Every structure is written in C-alpha cells, then in structure tokens.
Amino acid sequence: MASQFATVSGVRSSTNPYKILIAGGCYSGLAVAVNLLEKCDTIESPIPVEITIVDERDGFYHVIGSPLALASNSYAEKAWVNFKDIPVLQRPDVRFLHGTVSKVDCENKVATIVEQPDQAQRDEAYDFFVASTGLRRVWPVVPQSARRKEYLEEARRHIDAVANSTAPVLIVGGGAVGIEMAAELKEVQPNVKVTLAHSRAKLLSAEPLPDNVKDCALDLTEQAGVDVLLNHRLKSQTPVKNENGTEVFEVEFENGHKMIASQVVMAISRSVPSTTYLPEDALTEDRYVNVRPTLQLSSDKVANAESHFAVGDLINWSGIKRCGSAMHQGRYAGLNIHQLMLQDIQGKEPVFNELAEIPPMIGLAVGKNALSYGGEGMKHGKQVMEWFFEDDLGFRIVWDHLRLGGIKA
Ligand SMILES: Cc1cc2nc3c(=O)[nH]c(=O)nc-3n(C[C@H](O)[C@H](O)[C@H](O)COP(=O)(O)OP(=O)(O)OC[C@H]3O[C@@H](n4cnc5c(N)ncnc54)[C@H](O)[C@@H]3O)c2cc1C
C-alpha cells in the first residue's frame, strides 16, 4: 500500500524518528505528547519519535488556578511548573522550545518559530503538527509573563495591590472567570471587600445553561461574601487620588450608579484563538480551527491536512470551552497520530478515535463551594468542590490525569 506520508516513509529508527511538533504546551498539547509517547513506548512495537513542544511560556501554567494564583502567593508558586520540572517529559526524545510559532507551511511541513529571548527565527521540519495554542487571554485573567520568575513577580504585585486596598475591588464581568476571580479573592483575602458587576440580569448570561444553574451561581457567589451588582454595565472608570493620596477609581455604570473602587479588574474581554500562524483556509471567520471528528484539519484547501491536528479551546466545536475537553481531545489526537504511524509502517488501516458533539456542561469553583452541570443535571456544594477541584483548584487532578509526575495510568 502506498504511503500517504511520502516524505516520511522508510524504515524508522532513532536516527530517523517521526517528528511531531506541538504548538502550545498546556492541557491539550501535553495530553497529545503523553498519550502518543505511551503508545509509541510499547514493547511489542515501539515507534521512534522526536516530540518538540513549543510554548511562549517556559512552563505548564494551570490556567484554571489563575483566580487563586492571582490572590495567593503560595498558590502562585504551585500553579506554574517549568517544563524542565515535569518528570514524565524528561527524556531524550522530547524537547521544549521557548518561543512563538509564527507560521506553518503545511505543504512543506515546516514551522517557523520565533525563539525567546533573542527573537531568533528558526524553521523546524515535522511529520505531524498539532495546534494546541488555545485562546489569547488578557491580564488579569491570566498572567502575561513568559517566564516563571517574572510571573511570580507579576502575581505578587497584583496580590499586594489588592490586599492593601481600602475601597472595594471591583471585578467586571459575571461569566465563569469573573465569578471565580471574585470568589477566590474573597476566600483568600476575607478582609478585602469584593464587588462583582455584571451587565445582564443573570450571571453566566452568555452560557447555554438553564436558569437554575445561573441562579445557583448567584447564590453561591453571594454566600462567598461577594457583593453582586446585576444589570450594571460599566460606563467609565476614572483614576483619582483619595484623601491619603492613594490612586483609586471613580466608577460609573450606565444605570447611573457610582462607586469608588481600589482596583478594577476586567473579566469581560472576549478571548481570541491564538491561530495567526495557521493558513486562513483552516480557520472560521472568528479564527477558530475547523477540524474533522478525528481532530485533523478539515479543509480540503490545506495541503497535507491529514497530518495536521488541532485540539483544545481553539477548535470550532460544540460545548463550553473546558480543560477536561481539551485533555480529551489531546488524547484522541495522540492516539490518532499513532494510528497514522502504524499505517505508514505496517500498511494497517487506521482505526481513529472520533470526537462526539459536546453538550453544555460546566464545573465552577465558587469559594468553598462548587457548582456542576452536565448530563446528570445540576449539583452544588462542598462535596462538588472536592470532586471537581479538591483544595487546589484542580491542580492535583489535572497533574495526575495527564500523568505528568510519571505515574502510569
Ligand atoms: C480564569 C479561568 C478559569 C477557568 N476555569 C475552568 C474550570 O474551572 N474548569 C474548566 O474545565 N475550564 C476552566 N477554564 C477553561 C480552561 O482553562 C481552558 O479550557 C483550557 O485552558 C484550554 O486548554 P488548551 O490547552 O486548549 O489551551 P491553553 O490552556 O490556553 O494553552 C495554550 C498554550 O499555548 C501557548 N501559546 C499560545 N499561542 C502560542 C504560539 N503562537 N506559540 C507558542 N505557544 C503559544 C500558551 O502560552 C499556552 O501555554 C478556565 C479558564 C480561565 C481563563
């Protein structure tokens, strides 16, 4: 049978491994690497690979933990793990490049990377490419630093500013991120007055969730000690000095309500997919990536679409963007790449894992409680917090699920 991977056919050895380039080393990208390695490591039919993971950060950042990382210095230390400290990926056939993927030439299978710290440009050839670069999120939804050391400083400055505030800290935007940021801040720094303002009549208004879930989110947020202002659309925020000479903000809402806030934290900006390096033909108008259920690019206008995959938040797929989905898709992409390798080596027809449509589901941490909604309806309370997040906003759960510590499943 003729190989569809003409440029990579031939006997595979450690000097001629399959090259897999993964753009983005967070939940979905690391899931691709770990699952693919587990398949290629089998004693019966080992397959030599060389995996390159490119990320703008110098480590794995637990995005879900962001609301807590930006409220607690000790948690901030835990939430970012340098890639060199992830045990399961310390092996000669895995390397990390610190930089930005700026272009992908699908026809020639070459990616261009702008490396840190000197912005040097390098080209990397690959056999399989995975786009797992998620969404671009603004400060202070996530830190903007590229290095762990700078991130800790960025988080510390923010935490100090908030902790020393006398007037309320105003979080603008009652989506999942705004709710979690407000509740975590109040949980970690109970002396700080926290106000959450949302432009609509219900929290989580943009999500395809039933009203009882939105009402429950409001109850839990208020129980966490956060003052919630519904139907409050921000009109303006003006920096002024208070009587002590400290900078505060005069805030006005479109309904005429005014308040003084020590900090205004915007949790409303629409995040955009980080996909500028992909060909336009692979993208929707909103710049999400069109994929087949196998996670391969779906456009027939993209050369070698079958050896290019996309996973995680940046794909054009049903369901609320979630970490669990990102890891699930990463796993499927890893397994499907392995199937394509077997096809190339043994001429075996690939048996692909296919992504199903994803119904709306959510897990939301709100201070000491959590709320979940999915196939089994809505649940909330401390037990739900334990199931979904434990006491570290899900860090341990994700770390073990991805087997980053080296524990076999
Ligand atoms: C504050 C907050 C709280 C959340 N809480 C929850 C929750 O409780 N439960 C839940 O399920 N989900 C939650 N989410 C959503 C969840 O974090 C995302 O679904 C998840 O991060 C998606 O993973 P990903 O791997 O697709 O992308 P990301 O986690 O965004 O990772 C993308 C990676 O790519 C890198 N990158 C980007 N562009 C480039 C480039 N051009 N070149 C190289 N590297 C690049 C980035 O540095 C990053 O490391 C939350 C999100 C936020 C922001």
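The values are calculated or read from the model by the stated rules, or taken from the named source; none is laboratory data. Bear in mind the structure is a predicted one, so any value in this text is a computation, not a measurement. Reconstructed Cβ throughout: ideal geometry from the backbone, glycine too, with neighbour counts over all protein chains shown. Ligands, DNA and RNA are excluded from the accessible area calculation, which covers all protein heavy atoms including side chains. Shrake-Rupley method; radii C 1.70, N 1.55, O 1.52, S 1.80 Å.
Structural remarks
- Exactly one residue out of Asp219, Asp227 is without any contact (Cβ under 8 Å) to a residue 12 or more places away in the chain, out of contact with any His (no Cβ under 6 Å at 6 or more places or on another chain) and farther than 12 Å from Gly178 by Cβ: that is Asp219.
- Applying the condition of being among the hydroxyl-bearing types (Ser, Thr, Tyr) and modelled with pLDDT under 95 to region 11-35 and asking which residue is farthest from the ligand (Cβ to nearest atom) yields Ser13.
- Unique match (being open to solvent by less than 70 Å² (accessible area, probe 1.4 Å), polar (S, T, N, Q), touching a residue at least 24 places away in the same chain (Cβ under 8 Å) and within 14 Å of the ligand (Cβ to nearest atom)) among Ser269, Ser262: Ser269
- Applying the condition of being more than 12 Å from the ligand (Cβ to nearest atom) and free of Cβ contacts under 8 Å to residues at least 40 places away in the same chain to region 371-383 and asking which residue is surrounded by the most Cβ atoms within 10 Å (Cβ to Cβ) yields Lys379.
- Identity of the residue in region 42-97, more than 13 Å from the ligand (Cβ to nearest atom) and basic (Lys, Arg), that ends up most open to solvent (accessible area, probe 1.4 Å): Lys84
- Put simply, of Arg292, Arg287, Arg200 the only residue that is closer than 22 Å to Ser318 by Cβ and out of contact with any strand residue (DSSP E or B) (no Cβ under 9 Å at 6 or more places or on another chain) is Arg292.
- Count of region 110-124 residues which are assigned to a strand (DSSP E or B) and either modelled with pLDDT under 95 or surrounded by 14 or more Cβ atoms within 10 Å (Cβ to Cβ) (or both): 7
- If only residues of region 344-370 that are more than 20 Å from the chain's Cα centre (by Cα) and open to solvent by less than 40 Å² (accessible area, probe 1.4 Å) are counted, the one that is farthest from Val188 (Cα to Cα) is Gly347.
- With respect to the conditions (1) surrounded by 14 or more Cβ atoms within 10 Å (Cβ to Cβ); (2) closer than 23 Å to Gly256 by Cβ, Lys186 falls short on a single one, namely (2).
- Residue tally, condition assigned to a loop (DSSP other than H, G, I, E, B) and without any contact (Cβ under 8 Å) to a residue 60 or more places away in the chain, over region 245-259: 5
- As a summary of the residue check, Ser299 satisfies the conditions (1) assigned to a loop (DSSP other than H, G, I, E, B); (2) touching a residue at least 24 places away in the same chain (Cβ under 8 Å); (3) over 22 Å from the mean Cα position of the chain (by Cα) except for the one numbered (2).
- Residues satisfying the stated conditions in region 206-256, i.e. β-branched (Val, Ile, Thr) and surrounded by 14 or more Cβ atoms within 10 Å (Cβ to Cβ): Val213, Thr221, Val226, Val228, Val248, Val251
- Number of residues in region 291-341 that are open to solvent by 30 Å² or more (accessible area, probe 1.4 Å) and away from the ligand (no atom under 16 Å from the Cβ) equals 9.
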